[in-house]
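A.B. asks: Before I ask anything, let me first share the structure, which is written out below as structure tokens.
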Amino acid sequence: MLQKVSDYIQAHGLCQPDSKILAAVSGGIDSVVLCEVLHQLKYDFAVAHCNFGLRAEDAEADQLFVKKLAKKYDVPFFTENFNTRAFAEQEKLSIQMAARTLRYEWFERVRQQEGFDYIATAHHSNDLTETILLHLTKGTGIAGLHGIPPRNGHIIRPMLSITKDDIYEYVTERKLIWREDTSNETTKYQRNKIRHEVIPVLKEINPSLEETMQHTAERVSHAESIVSAYIQNLRGQSIKEAENAWYVSLKPLQNATGLPVVLHELLRPFNFSYSVVLELVEALDGLSGKQFDSPTHTLVKDRDQLVITPRNLSSFGSILIQEGDTQVQAGDVYFSIKYVDAGKYKLNTKPHVAALDADQLRFPLKLRAWQEGDWFVPLGMNGKKKISDFLIDKKVPTNLKDRILLLISDQSVAWVVNQRLDNRFKVTDKTQRVVEISLGRHT
């Protein structure tokens, strides 16, 4: 078994012979074997143990056992106690997810502070099989079919090539002792249900299930690399970001094979589910304006593009600009204000900049979102125009309309921010002092 682990480490380039490794050790059979393997292969390692405070006296006993284990191997021992239930409630997570988050964040802090190269976990091929089956049961894309990767950043899994049976044989051979976690036996957890009730049935069909799953995961991983390169190329051609919004051009996708899968991968950073993507694909030949939501973003089909905006943008009622202010904050944007003598001012015509005649303004100015019924006199025109009609004429996508701000002087719109100045406030030959207001956005 040692040779299998050693070969696997070399084949996947998980670490070097002189690497410093922080071993994640619970005290269970798998992590006890991990310690013994690292010791036998003569790696420089230390032991890290988490006490999640979930199993009362058992948790304290686990902590003491792992401390003694570190002493047996004469290696450094790191441990941390967590209030997992309080963290789960605060972050609105399941207990299992909260424990996982706390565990890996702490491991990484220790790794950085103590100068370790890698964090080693005791995942084996049975864990990989359970993960793939769990993903298949819940629904997954190609990424979910490679199971547990051998390496993820600084986290390595040197035991993925060995089975649980290999582990039991090894502890018998080496006469190792470990702590048993009784929660591993209950089937109230989804993973345990698959472990105890599903996998035994599948092994009746294929006794070499773990080995088959490992080979399948490796092939899927290579296929994923090919797909990722294809998607990355399409992403570069089709997605542009501007003003905290993303624009997906549909033209490069017209001849894409498997459009739903391609779109799902392209939209993955915005958390759109596959079922929503299927609805989106059906709507691509329809009229503009249809809206789709993910937990974090809103997407609107706008002619030959998709427009994506965050759903969690800061909102505000109104912001006042007092005379003499040089900067104000408004949600996720800010405005810089300059006061310049007209004779020294060089006109800036960029849409995110408004050059206004100071004598026509009445401070304090107000920044607010546009509302139905608002109107202004667009620069270069003499007649009034409703803001709603102006935005339609400008073909502003629905989810970007909600982000349009107005600069108000007294009761009049002086600037449709980032769109058009009001003709009544423009700089003319008679202007003596200019107020320049420019829009910026936090990234």
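A.B. asks: If the convex hull of the alpha-carbon atoms of the range 11-51 is projected onto planes in all directions, what is the mean projected area in square nanometres?
C.D. replies: Hull-based average projected area comes out at 3.2 nm².
A.B. asks: What whole-number distance in Å separates the alpha-carbon centres of the range 250-303 and the range 1-67?
C.D. replies: Their Cα centres are 44 Å away from one another.
A.B. asks: Then there's this: Counting every Cα pair in the range 339-384, what percent are over 12 Å apart?
C.D. replies: In whole percent, the long-distance tail amounts to 77.
A.B. asks: A further question on this structure: Taking square-rooted eigenvalues a ≥ b ≥ c of the alpha carbon gyration tensor, is the range 40-166 rounded, prolate or oblate, where a/c under 1.5 means rounded and, failing that, a/b exceeding b/c means prolate?
C.D. replies: Here the range 40-166 falls in the oblate category.
A.B. asks: Please list the radius of gyration and Dmax for the chain, considering alpha-carbon atoms only, with Å as the unit.
C.D. replies: Considering the chain through its Cα atoms, Rg and Dmax are 30.3, 96 Å.
A.B. asks: Can I ask one more? Round to the nearest 10 and give me the degree value, 0 to 90, for the angle of helix 125-138's Cα axis relative to the longest principal axis of the chain.
C.D. replies: Tilt relative to the chain: about 40 degrees.
A.B. asks: Also: Using alpha carbons only, how many degrees (0 to 90, rounded to 10) separate the axis of helix 2-11 from the longest principal axis of the chain?
C.D. replies: 30
A.B. asks: Count the net charge of all other residues whose Cβ sits under 14 Å from the Cβ of A11, scoring Lys and Arg as +1 and Asp and Glu as -1.
C.D. replies: In short, +1.
A.B. asks: Please report, in debye to the nearest 20, how large the charge dipole of the range 318-441 is about its Cα centre when each Lys and Arg carries +1 at its beta carbon and each Asp and Glu carries -1 there.
C.D. replies: The dipole of the range 318-441 has a size of about 320 debye.
A.B. asks: Moving on to the next point. Thinking of the range 318-441 as a set of Cα atoms, what percent of all their pairs are more than 22 Å apart?
C.D. replies: Percent of Cα pairs beyond 22 Å in the range 318-441: 30.
A.B. asks: For the pair H222 and R303, how long in nm is the line joining their label points, each one 7 Å along Cα→Cβ?
C.D. replies: 4.6
A.B. asks: Return the long-range amide H neighbours of I162 (sequence gap of 5 or more, or a different chain), with a cut-off of under 5 Å between placed amide H atoms.
C.D. replies: Residues meeting the amide H criterion: S125.
A.B. asks: Fully extended, how many nm does the chain gain between A143 and E241 (0.36 nm per residue separation, minus their Cα-Cα distance)?
C.D. replies: Working: separation 98, 0.36 × 98 = 35.28 nm, distance 2.52 nm.
Stretched out fully, the A143 to E241 stretch lengthens by 32.8 nm.
A.B. asks: Taking 0.36 nm per intervening residue step and subtracting the Cα-Cα distance, what contour gain separates M381 from T296 on full extension?
C.D. replies: Contour length minus Cα-Cα distance gives 26.6 nm.
A.B. asks: Same structure, new question: Measuring from a point 7 Å past the Cα of N423 along Cα-to-C-beta, which residues in the range 370-404 have an amide N at less than 11 Å?
C.D. replies: 377-385
A.B. asks: Give K164/K203; K290/K395; K344/K430; K338/K401; K290/K366 a once-over and call out the pairs whose C-alpha atoms are over 21 Å from each other. Intermediate values should be presented prior to the final figure.
C.D. replies: On the way: K164/K203 14 Å; K290/K395 14 Å; K344/K430 14 Å; K338/K401 27 Å; K290/K366 32 Å.
Beyond 21 Å: K338/K401; K290/K366.
A.B. asks: Can you tell which of N51, F87, Q3 lies farthest toward the positive end of the dipole of the range 1-98, using +1 and -1 charges on the Cβ of basic and acidic side chains (Lys, Arg; Asp, Glu)?
C.D. replies: Q3
A.B. asks: Of the peptides 283-294, 369-380, how do they stack up when ordered by the mean number of other Cβ atoms within 10 Å, highest first?
C.D. replies: My ranking of the peptides, most packed first, is 369-380, 283-294.
A.B. asks: On to the next question. At 222 nm, what value in deg cm²/dmol follows for the chain if DSSP H runs of at least 4 each add -39500 (n - 2.57) and the sum is divided by all its residues, to the nearest 500?
C.D. replies: After summing the helix terms and dividing by the residues of the chain, the value is -11500 deg cm²/dmol.
A.B. asks: Here is a follow-up. What is the distance, in nm, between label points placed 7 Å from the Cα along the Cα-to-Cβ direction at Y339 and at D285?
C.D. replies: 6.1
A.B. asks: Determine the shape class of the range 243-310: with a ≥ b ≥ c the square roots of the Cα gyration tensor eigenvalues, call it rounded for a/c under 1.5, and otherwise prolate if a/b is greater than b/c, oblate otherwise.
C.D. replies: Working: a/c = 1.37, a/b = 1.16, b/c = 1.18.
Rounded.
A.B. asks: Excluding E57 itself, what net charge comes from residues whose Cβ is under 15 Å from its Cβ, given Lys and Arg +1 and Asp and Glu -1?
C.D. replies: In short, -3.
A.B. asks: Can you give the net charge of the other residues whose Cβ lies under 13 Å from the Cβ of T298, counting K and R as +1 and D and E as -1?
C.D. replies: Net charge around T298: +2.
A.B. asks: For the range 106-219, what percent of Cα pairs sit more than 24 Å apart?
C.D. replies: In whole percent, the share of Cα-Cα pairs in the range 106-219 beyond 24 Å is 36.
A.B. asks: Using the alpha-carbon atoms, what tilt in degrees (0 to 90, nearest 10) does helix 95-114 show relative to the longest principal axis of the chain?
C.D. replies: Relative to the chain, helix 95-114 is tipped by roughly 90 degrees.
A.B. asks: Also, I was wondering about something else. Say a paramagnetic label sat at a point 7 Å from the Cα of D117, along Cα to Cβ; which residues of the range 7-26 have their backbone N under 16 Å from it?
C.D. replies: The answer is 7-23, whose backbone nitrogens lie closer than 16 Å to the label point.
A.B. asks: Now for a separate question. Assigning unit charges at the beta carbon (Lys, Arg +1; Asp, Glu -1) and nothing else, what dipole magnitude in debye, to the nearest 20, does the range 17-144 show about its Cα centre?
C.D. replies: 80
A.B. asks: Along the charge dipole of the chain, which of L306, Y230, F425 sits closest to the positive end, that is, farthest toward it, with unit charges on the beta carbon of Lys, Arg, Asp and Glu (+1, +1, -1, -1)?
C.D. replies: F425
A.B. asks: If the label point is 7 Å along Cα→Cβ of N348, which residues in the range 401-443 have backbone nitrogen under 11 Å from it?
C.D. replies: Within reach of a label on N348, which here means backbone N under 11 Å from a point 7 Å along Cα→Cβ, the range 401-443 contributes 436-440.
A.B. asks: Answer with one residue from Q190, L391, L134: the one whose Cα lies farthest towards the positive end of the charge dipole of the chain, charges on Cβ with Lys, Arg +1 and Asp, Glu -1.
C.D. replies: L391
A.B. asks: Ok, one more. Checking the cross-link filter: which aspartates and glutamates have an alpha carbon closer than 16 Å to that of K71, excluding same-chain neighbours under 8 positions apart?
C.D. replies: Answer for K71, where 16 Å is the Cα cut-off: E36, D44, D62, listed by chain and number.
A.B. asks: If the only charges are +1 at each Lys and Arg Cβ and -1 at each Asp and Glu Cβ, what is the size of the charge dipole of the chain around the Cα centre, to the nearest 20 debye? Don't jump to the answer; show the numbers that get you there.
C.D. replies: Working: 55 positive and 56 negative charges, 318 e Å.
Here the size comes out at about 1520 debye.
Since every read-out is calculated from the coordinates, none of them should be taken as a lab result. Everything numeric in this text was worked out from a predicted model, so none of it was measured. Every residue, glycine as well, gets a Cβ built from its backbone with ideal geometry; the counts of neighbours run over all protein chains shown.
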